[in-house]
1. Which of the helices (runs of 4 or more DSSP H) found entirely inside region 199-273 contain at least 3 residues meeting this: more than 18 Å from D185 (Cα to Cα) and not polar (S, T, N, Q)?
2. How many residues, within region 120-165, are of a type in the set (D, E) and either closer than 17 Å to D257 by Cβ or buried (at least 18 other Cβ atoms within 10 Å of the Cβ) (or both)?
3. Determine the pairs where a residue that is in contact (Cβ under 8 Å) with a residue 40 or more places away in the chain and within 16 Å of ligand 2 (Cβ to nearest atom), located within region 98-118, has a partner that is among the aliphatic types (A, V, I, L, M) and part of a loop (DSSP other than H, G, I, E, B) with Cβ atoms under 9 Å apart, the partner being 6 or more residues away or on another chain.
4. Return yes or no: is S72 hydroxyl-bearing (S, T, Y), in a helix (DSSP H, G or I) and either more than 24 Å from L145 (Cα to Cα) or within 10 Å of ligand 1 (Cβ to nearest atom) (or both)?
5. Within region 226-258, which residues are surrounded by fewer than 19 Cβ atoms within 10 Å (Cβ to Cβ), within 27 Å of F307 (Cα to Cα) and more than 12 Å from ligand 1 (Cβ to nearest atom)?
6. Please go through region 270-293 and pick out each residue that is buried (at least 19 other Cβ atoms within 10 Å of the Cβ), touching a residue at least 40 places away in the same chain (Cβ under 8 Å) and more than 19 Å from Q309 (Cβ to Cβ).
7. Going by what's in this entry, would V169 be described as at pLDDT 95 or above and either of a type in the set (G, A, S) or within 16 Å of ligand 1 (Cβ to nearest atom) (or both)?
8. Please count how many residues of region 274-294 are in a strand (DSSP E or B), more than 16 Å from ligand 2 (Cβ to nearest atom) and among the polar types (S, T, N, Q).
Amino acid sequence: ETRLFPDRPINVCVTGAAGQIAYSLLPLIAGGKVFGRHQPVSLRLLEIEAALPSLEGVVMELEDCAFPLLHSVFITSDAREAFRSCDVAVLLGAFPRKQGMERKDLLEKNAGIFKEQGEALNFEAAANVRVIVVGNPANTNAYVLKHFAPNVPEKNITALTRLDQNRAVSLVARKLGVPLSKVSDIYIWGNHSSTQYPDVLHGSVEGKGKLSDLLDKSYLEENFIPTIQKRGAAVIAARKMSSAMSAANAVCDHLHDWLLGSDSIVSMSVASDGSYGIERGTIFSFPLRCSRGGNYEIVKELQLDDFSQRYIKITAEELYAEKAEALALLS
Ligand code: NAD
Ligand code: LMR
């Protein structure tokens, strides 16, 4: 396996580094699960001033893990310092949703963070920096970031919907009693929110056939789709905190497949190029093909029936409204 950066460590900035998701994610990054088993990593960790003492404890633990690939760890509360020369920025730092809230209720609280961090990234990051936004509302925060980071190539700004994909694949496998590895081509369209459309209509189970024959539309409409749409809220209701282990695992999958490539079609939220009628620039989850080195293409040739189009329209309209609200808040 060749390294992404053959002659130096990859510089990875993680914001919200003393938070819950980071606690599960940092060992995956430093342990070689994300960028490959031979790629050394330099971590640049950003936190608010008040959380730096706690972050120091996380750094002690990273040291105590004795990861051979972990080249260095730098901590700061200054966004410009944190993003300096970073190749990958993982944006976790934001206020998480509590019980009874929708993710878009966080817009007012979190949009300002992504404006400031967009501006900092714009000046400081490596020219080809790859960005993943996780802090909610993830798609609209990524849109805000993109607006304030015109130097960052638009294609390089993404938001996490892989957690929704993983949830959907896992639920299908459990429903049909088949191994997870046999389930393929489940896609997430739209917003990482309760309007997202988890689409099984192109999917299949190896040896058993198409999911459109194995799952009927009333099950999809009444059970499967709402379960995936509301899974984040179900985890919050049970844990009294939002998902963290599964979110970190999904960030790992997203970055791994984006940078190292994947044979499967995967879902990420990326700027629309107008595909499927989605307004250009909207950060929308699409099925993508990723190839090694950080390139991806939106899968264009899928046929969408009326059922799918109805769901896709609802989630697109929610994103257009969030976009307008975010820009109004920041203007
Ligand atoms: P958390 O509260 O445990 O951690 C967030 C951390 O961010 C805190 O330590 C906080 O001090 C820090 N922070 C706040 N403002 C910051 C700033 N301006 N710069 C740097 N750091 C800052 O939350 P968490 O559970 O780790 O979740 C983080 C975010 O991810 C939340 O918004 C949550 O809703 C979201 N989330 C998204 C997904 C997804 O699939 N897209 C999944 C799970 C969680
Ligand atoms: C999730 O999907 O688990 C996260 O986005 C957290 C949340 O607020 O639901």
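The values are calculated or read from the model by the stated rules, or taken from the named source; none is laboratory data. What you are looking at is a predicted structure, and each value in this text was computed from that prediction instead of being measured. Cβ: placed from backbone, ideal geometry, glycine included. Neighbour counts: every protein chain shown.
1. On the way: elements: 211-214, 225-229, 231-239, 245-260.
Counting at least 3 such residues, we get 231-239, 245-260.
2. So the first thing to find is which residues in region 120-165 are of a type in the set (D, E), and the list is 124, 154, 164.
Add one more test, that the residue is either closer than 17 Å to D257 by Cβ or buried (at least 18 other Cβ atoms within 10 Å of the Cβ) (or both), and what stays is 124, 164.
Matching residues across region 120-165 total 2.
3. K98/M241
4. On the way: hydroxyl-bearing (S, T, Y): yes; in a helix (DSSP H, G or I): no; either more than 24 Å from L145 (Cα to Cα) or within 10 Å of ligand 1 (Cβ to nearest atom) (or both): yes.
So S72 fails the test.
5. P226, T227, K230, A234
6. Once the filter is applied, which keeps residues that are buried (at least 19 other Cβ atoms within 10 Å of the Cβ), touching a residue at least 40 places away in the same chain (Cβ under 8 Å) and more than 19 Å from Q309 (Cβ to Cβ), region 270-293 yields V270, A271, I283.
7. On the way: at pLDDT 95 or above: yes; either of a type in the set (G, A, S) or within 16 Å of ligand 1 (Cβ to nearest atom) (or both): yes.
For V169, the condition - at pLDDT 95 or above and either of a type in the set (G, A, S) or within 16 Å of ligand 1 (Cβ to nearest atom) (or both) - is met.
8. If we filter region 274-294 for residues that are in a strand (DSSP E or B), which is where we start, we get 283-291.
Among the residues that remain, those that are also more than 16 Å from ligand 2 (Cβ to nearest atom) are: 284, 286-291.
Right, trim to among the polar types (S, T, N, Q) and you get 291.
Looking only at that region, the number is 1.
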